[in-house]
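What follows is a short report on a single structure.
The values are calculated or read from the model by the stated rules, or taken from the named source; none is laboratory data. Bear in mind that the values here come from a model prediction, so they are computed numbers and not experimental data. Cβ atoms come from the backbone with ideal geometry, glycine included; neighbour counts cover every protein chain shown. Note: accessible area is taken over every heavy atom of the protein model, side chains too, but ligands, DNA and RNA are not part of it. Shrake-Rupley method; radii C 1.70, N 1.55, O 1.52, S 1.80 Å.
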Amino acid sequence: MATTTGHETTSAEERPPTPAPEPTTPTRPVHHGASQRGIDMIPSSSFKSGRFGRMFRHLPVFEHAADDMTALAQRMVEPAGPPAAENPDIPSGYTYFGQFVDHDITFDPVSSLRRQNDPDALHNFRTPRFDLDSLYGRGPADQPYLYDDSGPVTKMRLGEDVGVVPTETSGAGPDLPRNEPRQRTSGEEVFFGRALIGDPRNDENLLVSQLHVSMLQFHNRVADVVGATTPLTGDDAFKETQRLVRWHYQWVVVHDFLRRIVGQAVVDDILRTETFVSGPDGATTSLVRPTFQFYEPAHEAYIPVEFAVAAYRFGHSMIRGRYHINDFVRNARGAQGPIPIFGTELPPDELSNLNGFRRLPPQWAVEWKFMVDMPGSDTPAQASLPIDTQLARPLADLPLSVSAHPPHALAERNLQRGVALGLPAGNTVARAMGVDPLDAATLGIGDLSEDLRMHPPLWFYILKEAETLADGKTLGPVGGRIVAEVLIGLLNEDPLSYLSVEPNWRPQAPMARDDGSFDLPQLLRFAKEG
């Protein structure tokens, strides 16, 4: 039976202000202590990090029975056979860009599904900023193995060219850098080269790992631009490269990814433009001034658990069960069709799935025309699946590298995580936002337990809201507003983001197209030109 829990502790956004972390990737050596991870993470620690908190901290929480979560999760698996529907408005590459964004702003290495967690005490080992610390790590002084300083401007180290497709003109590129470039065996154990990157989660499947490679290449291309067009050298040139890379990435998050996920109207409602008189002659100036209804940190940015554990997990429903990755592999596989996103790990069969944490198979580099709408491409991008309550069947049995402990069904893991962190019910959050809540019949749970009918889990509710109110093409009013306010709010709270430093900034040549536009396809095109 559901039980109500109050939250009397002081939330992260109500704590006294603390000194800000270093504003850029450190270039001086950082020394680490040996205290227990997650304990004493004071501002002077080498971890540039923040805390999780609550967006709706005064709402009641209902603790569901495990059996109810299992029953609901079993309904969240798509039927056997090809997907019944697709979402042509969101190409499948944005699914993995969303995963990359998540890894950039959140990392909770000490969480557990098997205990109750207090998000006010839960440490986020990522800076809650779009600063690409998942790419840059702790900087070239502390993690020099991530970098290549052989040229005039420090670049990112790339891996082997094992993935290059020799007969194509795709620009498809290398693997991630790894500490063991070749697979070796010892008894019954199998060893794969560990990726040398700022966040190991960006190697958990081959699609996000190839996106990470593209971001490394984007940095290197921007470094060439800085070296050729500015007098900057050394550390100054590196920091200018980082600024340009981060700002263009932030632009894609807000003006491409987010607009596709929540709709342009929601983004425009937050990114309002104010006009004010700027001169004695009455001349006016317009400036972007974000306005928020629900995400309002009192002192410093934080990650709401309603976002991290529910709303932002919308992307799990967009994952296809299989993907084409390039022309060469598609032609070689023939009747086998697209490659499964997950598959068996032992014994290893590197040509049967897109599992991660391993060396990229030869000629398996991703041609991004299969994943996003590349201008001039002769191949239509594979669409994502709708944002709804039906997850692809492979997600009902995750590989051990992704899910070491039961349950192995992604839907059940998400639902249990919501219980462990005490999320409010979806209809409770809707009412708090002034949105008419969906009833049990609309949610399709009228025959389940009274607890579920009265207090539907927030993650499930947000997916069903998108399914019923937006036809699975975008998030609905509850999920969309939470996601948009948090992502733009994090950008607004970052003192070094383009939104804080230069609110009217726009992408610039040669990174942008000739007409000034810039989006994920253009980022990938520019990254691959070098």
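Observations, loosely collected:
- Applying the criterion of being open to solvent by less than 40 Å² (accessible area, probe 1.4 Å), over 30 Å from D494 (Cα atoms) and acidic (D, E) to the residues of the range 51-106, the residue that is nearest to the chain's Cα centre (by Cα) is E78.
- Condition met for P347 (modelled with pLDDT of 90 or more, surrounded by fewer than 16 Cβ atoms within 10 Å (Cβ to Cβ) and either among the β-branched types (V, I, T) or more than 22 Å from the chain's Cα centre (by Cα) (or both)): no
- Per-region count, the range 451-492, residues free of Cβ contacts under 8 Å to residues at least 60 places away in the same chain, over 18 Å from P304 (Cβ atoms) and part of a loop (DSSP other than H, G, I, E, B): 1
- Per-region count, the range 352-387, residues among the basic types (K, R) and not in a loop (DSSP other than H, G, I, E, B): 1
- Lone qualifier among D256, D327, D269 - being touching a residue at least 60 places away in the same chain (Cβ under 8 Å), touching a Ser or Thr at 6+ places or on another chain (Cβ under 9 Å) and among the acidic types (D, E): D327
- Identity of the residue in the range 395-450, more than 19 Å from A308 (Cβ to Cβ), touching a Gly at 6+ places or on another chain (Cβ under 9 Å) and in a loop (DSSP other than H, G, I, E, B), that ends up most open to solvent (accessible area, probe 1.4 Å): D439
- Residue satisfying condition, being in contact with a strand residue (DSSP E or B) (Cβ under 7 Å, 6 or more places away or on another chain), farther than 16 Å from F56 by Cβ and touching a residue at least 40 places away in the same chain (Cβ under 8 Å), within set P394, P407, P375: P394
- Conditions (1) crowded, with 19+ Cβ neighbours inside 10 Å; (2) assigned to a loop (DSSP other than H, G, I, E, B); (3) touching a helix residue (DSSP H, G or I) at 6+ places or on another chain (Cβ under 7 Å); number of the one not met by H299: (1)
- Scanning the range 501-515 for residues that are surrounded by fewer than 13 Cβ atoms within 10 Å (Cβ to Cβ) and touching a Leu at 6+ places or on another chain (Cβ under 8 Å) turns up just one, N504.
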